[in-house]
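S.K.: Questions regarding the structure given below will be posed in turn.
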Amino acid sequence: MSTPSTPDIPALEEQERRLVLDGFDHDAAWRLGTLLVELARERRAPVAIDITRSGQQLFHAALPGSTPDNDAWIARKRRVVERYQVSSLLVGTRFRAKGTTFEDSSRLDPDTYAAHGGAFPLTVRGTGVVGTVVVSGLPQVEDHALVVEALSRFIDAG
């Protein structure tokens, strides 16, 4: 897999408009999580994967090469999505577009929040954000791209 380039703000916002679900329950979390595991295994990606809905962890997997540090990154990136209701990469990109960084300007503890790519909101049509899907272990743009690819396939599969 070639390294994707960092999407710009309009591209990230378009992903969020496009990747909206009709519903999301425990079974959907399992299907999305196993799809992410399959994609990561195909690429030998040393990642941890996490899916949370309404504060409950519905899926978690740690693939070979991932470490406990990936779980800490997952928690920090997930909190950014929960607070801002958009992807962690979009939050970080918006701060950089203003000529600053999330760490310097958000006034949030960087040990608790990380605006690095890899966390994406699970948005249900007519409801809003109900949870998060997070990948950690690759460079941030690759974490984000893996989540977007899996969500796109998941939605297309119906």
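S.K.: Kindly provide the set of residues from region 70-101 that are in contact with a Gly (Cβ under 9 Å, 6 or more places away or on another chain) and over 28 Å from Ile155 (Cβ atoms), ordered by number.
M.R.: Thr101, the sole residue that qualifies.
S.K.: Can you report the number of residues in region 104-158 which are surrounded by 15 or more Cβ atoms within 10 Å (Cβ to Cβ) and not in a helix (DSSP H, G or I)? Spell out the reasoning first.
M.R.: Step one: list which residues in region 104-158 are surrounded by 15 or more Cβ atoms within 10 Å (Cβ to Cβ), which gives 106, 108, 113-124, 129-138, 140-151, 154.
Filter once more, keeping what is not in a helix (DSSP H, G or I): 106, 108, 113-124, 129-138.
Count: 24.
S.K.: If you scan region 40-90, which residues turn out to be in contact with a strand residue (DSSP E or B) (Cβ under 8 Å, 6 or more places away or on another chain), open to solvent by 20 Å² or more (accessible area, probe 1.4 Å), closer than 13 Å to Leu138 by Cβ and small (Gly, Ala, Ser)?
M.R.: Ser66
S.K.: Still on this structure, I have one more. Restricting the search to region 93-152, which residues are within 17 Å of the chain's Cα centre (by Cα), closer than 22 Å to Arg17 by Cα and polar (S, T, N, Q)?
M.R.: Within region 93-152, Thr93, Thr123, Thr132, Gln140, Ser152 qualify.
The values are calculated or read from the model by the stated rules, or taken from the named source; none is laboratory data. The structure presented is a predicted model; accordingly, all values stated were derived computationally and were not measured. As a convention, Cβ positions derive from the backbone with ideal geometry for all residues, glycine included, and neighbour counts pool all protein chains shown. Ligands, DNA and RNA are excluded from the accessible area calculation, which covers all protein heavy atoms including side chains. Shrake-Rupley method; radii C 1.70, N 1.55, O 1.52, S 1.80 Å.
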